[in-house]
1. So what is the orientation-averaged projected area of segment 72-136, using the convex hull of its C-alpha atoms, in nm²?
2. In deg cm²/dmol and to the nearest 500, what is the mean residue ellipticity at 222 nm of the chain if only DSSP H runs of at least 4 residues count, each as -39500 (n - 2.57), divided by the residue total?
3. With everything on Cα atoms, drop me the angle between helix 237-249 and the longest principal axis of the chain, reported from 0 to 90° to the nearest 10.
4. When Rg is the radius of gyration of the Cα atoms in segment 177-306 and Rh is its Kirkwood radius, what does Rg/Rh come to?
5. Using a 10 Å Cβ count of at most 16 others and DSSP loop calls, identify the longest part of the chain lacking such chymotrypsin sites (Phe, Trp or Tyr not before Pro).
6. Taking R0 as 35 Å, what FRET efficiency do you get between A55 and A130 from their Cβ-Cβ distance, rounded to the nearest 0.05?
7. What Kirkwood Rh does segment 125-238 have if only Cα atoms enter the pairwise 1/r average? Answer in Å.
8. With θ set to phi - 60°, apply the Karplus curve 6.51 cos²θ - 1.76 cosθ + 1.60 along segment 159-168 and write out the HN-Hα couplings as whole Hz, x wherever there is a Gly or Pro.
Amino acid sequence: MRRSDLERSVDSASTGAAVTLEMVAAEAGVSPSTVSRILNGTAKVRESKVRAVEAAISKLRFTPNPVARSLARGRSMSVGIVTQSFGSPFYGEALTAIEQRLMRANYAALFVSGHYREADERRCVDHLLARRVEGIILLNSCLPSLEIVNLARGAPLILTGRSVTAERIHCIDVDSTAGASLATQYLIDQGHRRIAYLAGPADHADAVQRLNGYKTALATARIPFTKKLVAEGDYTAHGGLRGMNELLDAQAEFTAVFAANDETAYGAMLALHRRGIRVPQQVSVIGYDDLPASTFMIPPLTSVHRATAELGEHAAEAIIAMIEDRPVVRRETTPTLAVRDSTRSLHR
């Protein structure tokens, strides 16, 4: 005699095999569509059938597919996050905070990387929208402002590192000028007048802001801006190494270096070490971002503190609020300086 579907469904519960919606329906004596309506809450069903389905679910230890349920309700419960580099410690810290906050709210995080290239970032956004994400977080986007405004018509957006004003866009950490000015002013207060600058990519809004902050502090102190003391980097340690070597090869004279981010500073310190130039005895170095690894550099790196984990958590909280049509709670952050051993005063 052939075993019944009911017997097979009971066995599957005890052996760990997948229990299907059809098996629950057979156990409860209702149609699969009735089970689906009860799970999704999309229609009224007689109380007796609800109790039968609940009993069948309990007996068979059936776990509904959360993705299928959310899609049935017109929700994907997913958020797309466009980073620039998975290998960057700055982005890694922010992404971890974003993922943890989204998980607490039962949202899934879909991560993609734009590689600091506009075309790649555009493909990333298309990829996310095709998967019906309910919102997108753009970390330091390279896309033109008008394109970002148009993108927000398809999904609410959180944008970091720059300001774009439009409906369904919330901007966070929009101006790095103050932090860059703070770093440069600190070096000036330490007696430095020949301050080199290792810049970020010229086409990035936050890199432009940091260059402006450097120039502003020099102008305030009536120190002439010298283009020969500026080398462009790419926010990587390799870029910092290359930029510092360019300055040294050009025989630029400086007593301090402000790097556009900590990774750039790491490369700059290596270049100085290879040339036999001691930090901070001969050249002071200051970075931006205050990454966890900066504490463990030799010497430990002075840096503009940026609350990266808090930035990620705020971005996640903000996109959840926008998706759920709630007001976004704004957080204001003020840059501070983490002073360590890579800088010294010339007044001594």
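What follows draws every value from the coordinates through simple rules; no lab data is involved. Since we're looking at a predicted model, the values are computed, not measured. Cβ placement follows ideal geometry from the backbone for every residue including glycine, while neighbour counts extend to all protein chains displayed.
1. 4.4
2. Computed mean residue ellipticity for the chain: -14000 deg cm²/dmol.
3. Taking the Cα atoms of the chain, the angle to 237-249 is about 10 degrees.
4. On the Cα set of segment 177-306, Rg over Rh gives 0.92.
5. 87-224
6. 0.30
7. Roughly 15.9 Å, rounded to one decimal.
8. Along segment 159-168, the couplings run 10, 10, x, 7, 10, 10, 9, 5, 5, 6 Hz.
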